[in-house]
Amino acid sequence: MNKTELVNQFLKEGKLPIAKEIHDYQKEIEFDGSKVSIIRSYEYEPKQIKVEDFVVYFRSRYEQIKNLLINRPGVESPISISKLSSYGEKSTIIAIIKDIQRFSTGTISLLLEDPSGEIKGIISKDSELVEEAKYLALDEVLGVRGSPSRGVFFVNEIIQPDVVINNKKKFAKEEVYAAFTGDLHVGSNTFLGDKLEYFIKLLRGEVGTPSQKEIAKKTKYIFLVGDIVDGIGIYPGQQKELEIDDIYEQYRVAAEYLSKIPKDKYVIICPGNHDSLRIAEPQPPLPEEIAKPLYELPNIIHVSNPAYVNIHNVNGFEGLDILMYHGYSFDYYINNVEGLIEEGGYDAPDALIKFLLKRRHLAPSHLSTLSLPMRYDPLIIDPIPDMVVTGHIHKSKVSQYRGVTIIAAGCWQKNTSFQDKHGLHAEPGRVPFLNLKTGKTTVMHFE
Ligand SMILES: [Fe+2]
Ligand SMILES: [Fe+2]
């Protein structure tokens, strides 16, 4: 049985899931004029993963992105690679990039694959695509338009699944705010407890200017995008940089801080790569047995990483759909994608999120994260959210891309020696507050 037949049989028999989306996790939590709806959150059933599961997963990822691409201008009638004529007219294929070679002459060679076969794609050094090709990443699925000639495909156009522009702005009827932060890293000796405490005092109305106090009072939603604690054994030499070297104690202290946030504000938490023993994505919500003190706080809502959450669906307002993703995949792109390196790498998290939105995937290259195989790919960005909020980069940035608000949340940790070495420049204590009535964002600095 060949690969395609095997995949088809799996799909037909529905032999998966190894992991399942827990539908009953979709729930609504309503309190005093504010509301949080968990649209999508994931958890796993403990089952052994086999090689075939990955085959099904990668095939399903290809099919899902293909469905997003199929109606884009230029991708109306794609054909299979095996059907390309040896010397033919312009055609469009939907392919996975299996390899990229950049020659010193400036020519770029791509190994393009679909379920029917593979072909070498050539972008000539004089092509207008050379600039765009700086952003191509391994394993991404895209539409490629070009002309076949004797077993090679000369590429004229690249079509990414991208975000469909949405000009319909959604505004709440009343003034209400959401704050976005994360990367607390409680337990690290570079955790900035004083700054975090000041932020929480501001949320309590105890400090700040009159206008900051007004915003704080109207803040009903606080997003914490992972790395709540520093964890144990996460990077080489971490032990020396830990102030608290017990994971339970790290969460107890984190809960002590967060318990002071007024209970009329929801705190929505997803895990990050420092949080739990398992970093394969999607990561289930923080484990209750380890992070128990956080589960004892009534205003904390735990979701997986990534997760889709809707906030403030009240008074006839449909609410905002927010995609939360910690960002473990980001390091790979910042270190490997030429276009992103040129845009500033770790200092341009907004460029990185745009890159992912264009690809409609949170980790298009397999090497960028560990992903557990599912019957469908939970890292695909579908539906298009109103906002994407991410962490991991420790730098706050607010931006827009085709109607999607992008927020890179900041952190509460000074650089560790490990981060220094990897070129990350933390900007701790900066928190964007979004006014849901106007769509405007105010970044407060707690320095
Ligand atoms: Fe972090
Ligand atoms: Fe992280």
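Please go through region 74-100 and pick out each residue that is in a strand (DSSP E or B) and farther than 17 Å from ASN156 by Cα.
In the first step, residues of region 74-100 are kept if they are in a strand (DSSP E or B); the result is 87, 91-100.
Those that are in a strand (DSSP E or B) and farther than 17 Å from ASN156 by Cα: LYS98, ASP99.
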Of the residues in region 403-433, those that are of a type outside the set (S, T, N, Q), modelled with pLDDT of 95 or more and more than 19 Å from the chain's Cα centre (by Cα) come to TRP412, PRO428, GLY429, ARG430, PHE433
Failed item, numbered, when LYS292 is tested on (1) under 19 Å from THR181 (Cα atoms); (2) more than 16 Å from ligand 1 (Cβ to nearest atom); (3) modelled with pLDDT of 95 or more; (4) not acidic (Asp, Glu):
(1)
Under 6 Å by Cβ, and 6 or more places apart or on different chains, what pairs join a residue from region 256-284 that is in the same structural domain as LEU224 (by TED's automatic domain parsing) with one that is hydroxyl-bearing (Ser, Thr, Tyr) and within 12 Å of ligand 2 (Cβ to nearest atom)?
ASN273/TYR328; GLU281/THR369
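Residues are listed down the side, and each one gets a yes or a no for (1) over 27 Å from VAL309 (Cα atoms); (2) modelled with pLDDT of 95 or more; (3) surrounded by 12 or more Cβ atoms within 10 Å (Cβ to Cβ):
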| site | (1), (2), (3) |
| --- | --- |
| SER37 | no, no, yes |
| ARG40 | no, no, yes |
| GLU52 | yes, no, yes |
| LYS66 | no, yes, yes |
| PRO78 | yes, no, yes |
| SER86 | yes, no, no |
| LYS90 | yes, no, no |
| ILE93 | yes, yes, yes |
| GLN101 | yes, yes, no |
Residue that is farthest from the chain's Cα centre (by Cα) [pool: residues in region 268-283 that are surrounded by fewer than 20 Cβ atoms within 10 Å (Cβ to Cβ) and more than 16 Å from ligand 1 (Cβ to nearest atom)]
LEU277
Report, by residue number, each residue of region 209-225 that is within 30 Å of ASP321 (Cβ to Cβ) and either more than 16 Å from ligand 1 (Cβ to nearest atom) or not assigned by TED's automatic domain parsing to the domain that holds LEU286 (or both).
SER211, GLN212, LYS213, GLU214, ILE215, ALA216, LYS217, LYS218, THR219, LYS220, TYR221, ILE222
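For region 226-240, what are the residues that are within 11 Å of ligand 1 (Cβ to nearest atom) and either part of a loop (DSSP other than H, G, I, E, B) or over 24 Å from the mean Cα position of the chain (by Cα) (or both)?
GLY226, ASP227, ILE228, ASP230, GLY231, ILE234, TYR235
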Among (1) outside any loop (DSSP other than H, G, I, E, B); (2) within 16 Å of ligand 2 (Cβ to nearest atom); (3) out of contact with any Pro (no Cβ under 8 Å at 6 or more places or on another chain), ALA254 falls short only on (3)
Here the residues within region 265-285 that are in a loop (DSSP other than H, G, I, E, B), away from ligand 2 (no atom under 14 Å from the Cβ) and in contact with a strand residue (DSSP E or B) (Cβ under 6 Å, 6 or more places away or on another chain) are LYS265, PRO282, PRO284, PRO285
Going through ILE341, ILE353, ILE301 one at a time, which residue ends up being aliphatic (A, V, I, L, M) and either crowded, with 24+ Cβ neighbours inside 10 Å or within 15 Å of ligand 2 (Cβ to nearest atom) (or both)?
ILE353
Just to be sure, is LEU184 buried (at least 17 other Cβ atoms within 10 Å of the Cβ), at pLDDT 95 or above, within 16 Å of ligand 1 (Cβ to nearest atom) and under 24 Å from the mean Cα position of the chain (by Cα)?
yes
GLY143 fails exactly one of the following numbered conditions: (1) of a type outside the set (D, E, K, R); (2) assigned to a strand (DSSP E or B); (3) out of contact with any helix residue (DSSP H, G or I) (no Cβ under 6 Å at 6 or more places or on another chain). What is the number of that condition?
(3)
Scan region 321-332 for residues that are crowded, with 21+ Cβ neighbours inside 10 Å and closer than 17 Å to HIS425 by Cβ and report the count.
2
When only residues in region 209-226 that are surrounded by fewer than 21 Cβ atoms within 10 Å (Cβ to Cβ) and in contact (Cβ under 8 Å) with a residue 40 or more places away in the chain count, which is nearest to PRO287 (Cα to Cα)?
LYS218
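State yes or no: is GLY429 surrounded by fewer than 19 Cβ atoms within 10 Å (Cβ to Cβ), out of contact with any Cys (no Cβ under 6 Å at 6 or more places or on another chain) and over 25 Å from GLN283 (Cβ atoms)?
Working: surrounded by fewer than 19 Cβ atoms within 10 Å (Cβ to Cβ): no; out of contact with any Cys (no Cβ under 6 Å at 6 or more places or on another chain): yes; over 25 Å from GLN283 (Cβ atoms): yes.
No, not satisfied.
The values are calculated or read from the model by the stated rules, or taken from the named source; none is laboratory data. This structure is a prediction, so every number in the text was calculated from the model and none was measured. Every residue, glycine among them, receives a Cβ derived from its backbone with ideal geometry; neighbour counts consider all protein chains shown.
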